[in-house]
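Just so it is clear, none of the values below were taken in a lab; they were calculated from the coordinates. Here the structure is a predicted model, which means the values were calculated and not measured. For neighbour counting, all protein chains shown are included, and Cβ atoms are generated from backbone atoms with ideal geometry for every residue, glycine included.
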């Protein structure tokens, strides 16, 4: 062959290759992402206002997020440092979209929808499309997930971050690229900075890798990422440990039954011969994330009570994955049977009542809106206002109109100027004199909260007991609003009274 004849062939051989097109997402992957996301958004928007009520912790978020960033920072030095980043984030969101009730809760709805998509992708990668879809759809149906998807707190966002960090971990195992491990570490660190107990998911991830017997380079890469997370969290953990009185209200495990039920259910599902796809088995990933964070909190509670179900909300991704994989396995074994569909309908029917009750004001431990309304209704202009204990001042602070015409009689410095949640109160020696200046006092007494034993609280109760008598009490969700009158003062003027909105009891004489 002559040189001229070989020319075109040579030219074709040395021409630059056409870059390959990145494969488009498969229809199955798209469904696994979109379907759980859509269901979670629909459930999150359903009844999101809860009859325009707000519970105590949400009230704290609402109040602090409306302060300046500098005020948030200074307040966090005294109290609630563990939530400072979340308050700062919500401050910016309020600045962009307004500070209403929907703005307070929508970030949690969106975060939980992203978590549901992440659960679906985890199931897809670990087992297959059907298991991923089922897991992603089960996740938003879980009662605990439905509850905290509608809360103006950080737990849903932490859950989403842990879910996607888990997906980043799973993707990093076979590829081992440094940037993937950097994504995993930074996502976990952000979750931990929003709530410190997200670090317990890091322990679960380590157990997953050990049980899966991944190569040593993978373990080393995870160890480096985990060390970076711990190092980034260390300063916050040390500073917030000095604010441990914030969790002094935890007298024992809070809502432990849910954790025990789903843990047993998940372990039972893991005993089935679930499909294996990739170097990490689904049970090796789902069981540790489901069981270990809560178990570690329970063990810690032997020294100091710390177990609260929402602190390990992200463990629900484990039960969702296990249930999705188990249903996939059952479907493969019973292809022609109607049993899976009958079971699915029965489960959905059983979830209707819990789903309805979660969207009522009574589903939360207290109702700050109802408490404030009861104070407004029971109080008269010029009455004194007393909080037992003083930390519960946050329960009526979301709507200043509720206490506008009352005198907070032992308040020395308001919450904003004192950079605290509930302000500072007068010394014990001055409290009795201030209380005796009033013939009527409206007292807000928190229910189910361990009142601190300090001279100020003792001065309040002893003065009430010695110089006042109870005239009437309104029972609301989370508090009792009681009107006290002076024994030697004029009789109170009769007037129309009615139960406050949202009251679980009534007015007793």
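With only the Cα atoms considered, segment 36-169 has a convex hull volume of 106 Å³ per residue.
Can you sort 458, 151 by how many other beta carbons sit within 10 Å, fewest first?
458, 151
With angles folded into 0 to 90 degrees, how steeply does helix 455-467 sit against the dominant principal axis of the chain? Use alpha carbons for both and round to 10. With rounding to tens, the tilt is 40 degrees. Computed from the C-beta positions of residue 347 and residue 300 and an R0 of 35 Å, the FRET efficiency is 0.60 to the nearest 0.05. Shape summary: segment 203-342 maps onto an equivalent ellipsoid whose semi-axes, from the alpha-carbon gyration tensor, are 33, 23, 10 Å in decreasing order. For segment 27-360, the normalised intensity computed at q = 0.09, 0.10 Å⁻¹ comes to -0.47, -0.58 (log10 of I(q)/I(0), Debye sum over alpha carbons, equal scatterers, no solvent).
If the Kirkwood radius is taken over C-alpha pairs of segment 365-453, then at 25 °C and 0.890 mPa s the Stokes-Einstein diffusion coefficient equals 184 µm²/s. Rounded to the nearest 5, what % of DSSP beta bridges with both residues in the chain are antiparallel? Just about 70 percent of them are antiparallel. For the chain, the longest principal axis of the alpha carbon atoms and the long axis of helix 56-65 meet at an angle near 80°. Secondary-structure-derived ellipticity at 222 nm for the chain, considering helices only, amounts to -18500 deg cm²/dmol, per-run term -39500 (n - 2.57) for DSSP H runs with n ≥ 4. How far, in degrees from 0 to 90, does helix 84-97 lean away from the longest principal axis of the Cα atoms of the chain, to the nearest 10? Helix 84-97 sits at roughly 90 degrees to that axis. In plain terms, the residue of 90, 265, 112, 435 with the fewest other Cβ atoms within 10 Å comes first and the most crowded comes last, giving 265, 435, 90, 112.
Where does segment 290-366 land on Rg(C-alpha)/(2.2 N^0.38 Å)?
Working: Rg = 17.4 Å, N = 77, 2.2 N^0.38 = 11.5 Å.
Normalised Rg, Cα atoms only: 1.52.
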